[in-house]
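Peer 1: Sharing a structure, written as structure tokens. Questions coming.
The values are calculated or read from the model by the stated rules, or taken from the named source; none is laboratory data. Just so it is clear, the model here is predicted, and its values are computed rather than measured. Counting neighbours? That spans all protein chains shown, and the Cβs are built from the backbone with ideal geometry, glycine included. For accessibility, only protein heavy atoms count, side chains too; no ligands or nucleic acids. Shrake-Rupley method; radii C 1.70, N 1.55, O 1.52, S 1.80 Å.
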Amino acid sequence: MLEETKEFCVNIPTSDIDRNIIKVCGTKSGYDTDKIKELNLTLEEPNIISVPSIKELPLTLECKVIYKQKQDDLQIPDAIKKSFYPQDVDSSFYGANKDYHIAYYGEIVDSYIIE
């Protein structure tokens, strides 16, 4: 969706929340898991962009992509590659991530707290 819309929301908790939300969102890929459905999250209409925000993580930054950059594997130290990008681990193993990431830089076009 990010590649299509060139927009994204950063949603941040502001108080005590279900720690499972952070655990799942921080470790599972949206390609493999419908995190919204799995965690029973509530989508909220955005103000400016086309991507919804998440009610349970109310501090919202609506952003438009201004630049993206793929990680250069030659610049990543071997110890980090071994720990975070293991090539010899089954991809179904919890936490395994063989793919390098793309960093997205965004312009914040709106910010608010969902009531």
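Peer 1: I want the local charge near N40. Using Cβ-Cβ distances under 14 Å, sum +1 for each Lys or Arg and -1 for each Asp or Glu among the other residues.
Peer 2: Details: positive: K35, K37, K55; negative: D18, D34, E38, E56.
Neighbour charge sum, excluding N40 itself: -1.
Peer 1: Carbon-plus-sulfur fraction of the accessible area of the chain, 1.4 Å probe, in percent?
Peer 2: 52 percent
Peer 1: For the pairs K6/K82; K28/K81; K55/K82; K37/K82; K55/K81, note any where the Cα-Cα span goes beyond 28 Å. Don't skip to the end; give the middle numbers.
Peer 2: Details: K6/K82 31 Å; K28/K81 19 Å; K55/K82 36 Å; K37/K82 32 Å; K55/K81 35 Å.
Checking Cα-Cα distances, K6/K82; K55/K82; K37/K82; K55/K81 exceed 28 Å.
Peer 1: For the chain, what is the mean residue ellipticity at 222 nm derived from helices alone (per DSSP H run of n ≥ 4: -39500 (n - 2.57); sum divided by total residues; nearest 500 deg cm²/dmol)?
Peer 2: Using -39500 (n - 2.57) per qualifying helix, the result is -5000 deg cm²/dmol.
Peer 1: While we're here: With +1 on the Cβ of every Lys and Arg and -1 on the Cβ of every Asp and Glu, and nothing else charged, how large is the dipole of the chain about its Cα centre, in debye rounded to the nearest 20?
Peer 2: About 300 debye.
Peer 1: If you take every residue apart from L61 with its C-beta less than 13 Å away from the C-beta of L61, what net charge results, scoring Lys and Arg +1 and Asp and Glu -1?
Peer 2: Net of charged neighbours comes to -3.
Peer 1: Could you give the Stokes-Einstein D for the chain in µm² per second, using the C-alpha Kirkwood radius, 10 °C, 1.306 mPa s?
Peer 2: It diffuses with D of about 99 µm²/s by this estimate.
Peer 1: Report the label-to-label distance for Y105 and N20 in nanometres (one decimal), using points 7 Å from each Cα along the Cα→Cβ vector.
Peer 2: Reported label-point gap for Y105 and N20 is 3.9 nm.
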